[in-house]
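**Q** First the structure, then my questions, so here it is.
The values are calculated or read from the model by the stated rules, or taken from the named source; none is laboratory data. This structure is a prediction, so every number in the text was calculated from the model and none was measured. Cβ: placed from backbone, ideal geometry, glycine included. Neighbour counts: every protein chain shown.
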Amino acid sequence: MMLAAAVQMTSTSDVERNFAQLEDGVRRAARAGAALITTPEACNYLGPHSEKVRRAESLNGPTITRLAALARELSVHLLVGSFNEKSDEPDRCYNTSVLLSPQGEVLGTYRKMHLFDVDHSAAVRFLESKTCKAGDQPAVIETPLGKIGLAICYDLRFPELFRWQVDHGAEILCVPSAFTATTGAAHWHALLRARAIECQAYVIAPGQVGDHDDEGLRATYGHSLIVDPWGVVIGEASDGPSLALAELDLNRVREVRRAMPLAQHRRL
């Protein structure tokens, strides 16, 4: 058994304020006893696109350096939900997750593969590919806590990514997000529960919540969730910056997969 946490926060263009909020959430989760602490997409910066690429950093830049020090101080596995990582293109960056060890080491990274290019309505109109470059490698990272699959936000709508992760041993799926208020109200719970049920894995989804000063993403849904392998929501954050906490037992993953062996029953 281990305790996992999803930190819910409201990031803006104020990087120092974001870090203070992020640090507070991570420290509260650690005090509660969480061994795996996850943070949302764009946890260090969620502001105007004109600034996003300019502010992009490398893996040894200030964001990951500061959070690695925090993971090391608290002796926890810490998922940096995502930050803007420099790419080889001057006008676009990667949207990158980083999993840190209790020693502050980078255990693995994942660059968001599916970019949020949509024109649903005036409330949901976004072109992520204008400032972000898509990654091309899925990720499953082996840790003492279990094998962890990484995804980011819009990836949630592509079940083949999660099937790949399960085929490569994933027992815990992390989906840090900044889901819009509109799409979140319609699809957030349904999609996360579906991924947990079909993959027979735990799903941890830390989210952004509230109002932001990003001209394309004004409000996010929140409701950070932890879902068990049977699709039961076992942890959910309240409104505003907060935590979702839940105990994870990998024996539960094995038992659900034994009782209903979906991997053996597949025909495609």
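**Q** Residue under question is Gly33, and the condition is that it be closer than 23 Å to Ile172 by Cβ, surrounded by fewer than 16 Cβ atoms within 10 Å (Cβ to Cβ) and among the small types (Gly, Ala, Ser); does it hold? So that I can check it myself, show each step before the final result.
**A** Values: closer than 23 Å to Ile172 by Cβ: yes; surrounded by fewer than 16 Cβ atoms within 10 Å (Cβ to Cβ): yes; among the small types (Gly, Ala, Ser): yes.
For Gly33, the condition - closer than 23 Å to Ile172 by Cβ, surrounded by fewer than 16 Cβ atoms within 10 Å (Cβ to Cβ) and among the small types (Gly, Ala, Ser) - is met.
**Q** Gly210 fails exactly one of the following numbered conditions: (1) free of Cβ contacts under 8 Å to residues at least 40 places away in the same chain; (2) surrounded by fewer than 23 Cβ atoms within 10 Å (Cβ to Cβ); (3) touching a Gly at 6+ places or on another chain (Cβ under 9 Å); (4) small (Gly, Ala, Ser). What is the number of that condition?
**A** Single failed check for Gly210: (1).
**Q** Filter the stretch 180-219 for residues that are part of a strand (DSSP E or B) and under 30 Å from Leu145 (Cα atoms) and give the result.
**A** Matches in the stretch 180-219: Tyr202, Val203, Ile204, Ala205, Gly207, Gln208, Val209.
**Q** Ok, one more. Tell me which residues, restricted to the stretch 33-69, are within 21 Å of Gln103 (Cβ to Cβ), in contact with a strand residue (DSSP E or B) (Cβ under 7 Å, 6 or more places away or on another chain) and assigned to a helix (DSSP H, G or I).
**A** Thr63, Ile64, Leu67, Ala68, listed by residue number.
**Q** Name every residue in the stretch 86-114 that is farther than 17 Å from Cys174 by Cβ and touching a Phe, Trp or Tyr at 6+ places or on another chain (Cβ under 7 Å), in order of residue number.
**A** Of everything in the stretch 86-114, just one residue is farther than 17 Å from Cys174 by Cβ and touching a Phe, Trp or Tyr at 6+ places or on another chain (Cβ under 7 Å), namely Ser87.
**Q** Being closer than 27 Å to Ala34 by Cα, acidic (Asp, Glu) and crowded, with 22+ Cβ neighbours inside 10 Å is true for just one of Glu142, Glu105, Glu171. Which residue is that?
**A** Glu171
**Q** Separate question: Going by the conditions given, is Ser121 more than 15 Å from Asp214 (Cβ to Cβ), among the polar types (S, T, N, Q) and at pLDDT below 95?
**A** On the way: more than 15 Å from Asp214 (Cβ to Cβ): yes; among the polar types (S, T, N, Q): yes; at pLDDT below 95: yes.
In short, yes.
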